[in-house]
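Structure first, then comments.
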Amino acid sequence: MKKTILFLVLVVATGSLLAQRKTTTSATVSFDATTSLDALPKATNKTVIGAIDTKTGSVQFEANVKNFAFSNPTMQGHFNGEKWLKSDEFPKFTFKGNITDLSTVDFTKDGSYNTEVEGMLGIKGAEKKMKIPGTVVVKNTTLSVTSNFSIALADFGITGVPVDAGKVSKNPKITVVADFK
């Protein structure tokens, strides 16, 4: 009888701990570096993994660089190549941070919460501290997160003729959309 009660207590405690961490394997990150000279530098990755800890506010994302899909295969080759992201050497984009205003987000109550995440964005072996705005929507037990921000390619050592010639934006727009369960 004591073993049964202990087992049930452990199951309930484990369930509570797991409920604090929400994950996804199908977040979408879009990259838009279009300019008035070229509308092709756009890509989307729909296989981004992520996690949010609703108790601590910890947020993590990881994207495989080669999973960004362009409409133009030549553009995709350049993106992954030696002159740009060197995806064989640097295969992942990463973000690790924390929700800065965690007390304003009620993960137990349906609603929409504007928030900010501060952390380190890693691209091509370089890391940059970022403050990224976002919206968290709580509906039943699902969290939906959206964010729109820009990065400076030069901060991550990404330069070259297409950037200098104005064919690729120096500050591409990044959009993140994720549903966590």
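Numbers at a glance
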| item | result |
| --- | --- |
| Selected residue (only one of LYS46, LYS42 is more than 25 Å from LYS129 (Cβ to Cβ), crowded, with 18+ Cβ neighbours inside 10 Å and touching a strand residue (DSSP E or B) at 6+ places or on another chain (Cβ under 9 Å)) | LYS42 |
| Residue satisfying all of: in region 125-181; in contact (Cβ under 8 Å) with a residue 60 or more places away in the chain, loosely packed, with under 14 Cβ neighbours inside 10 Å and small (Gly, Ala, Ser); farthest from THR24 (Cα to Cα) among these | ALA165 |
| Residue satisfying all of: in region 94-120; in contact with an Asp or Glu (Cβ under 7 Å, 6 or more places away or on another chain) and surrounded by 18 or more Cβ atoms within 10 Å (Cβ to Cβ); nearest to THR159 (Cα to Cα) among these | GLY97 |
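Here's the yes/no breakdown for (1) modelled with pLDDT under 95; (2) assigned to a strand (DSSP E or B):
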site	(1), (2)
THR94	no, yes
ASP106	no, no
GLU118	no, yes
MET130	no, yes
THR159	yes, no
LYS167	yes, no
LYS170	no, no
ALA178	no, yes
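The values are calculated or read from the model by the stated rules, or taken from the named source; none is laboratory data. This is a predicted model, so every value here is computed, not measured. Quick reminder, even Gly has a Cβ in these numbers, built from the backbone with ideal geometry, and neighbours come from all protein chains shown.
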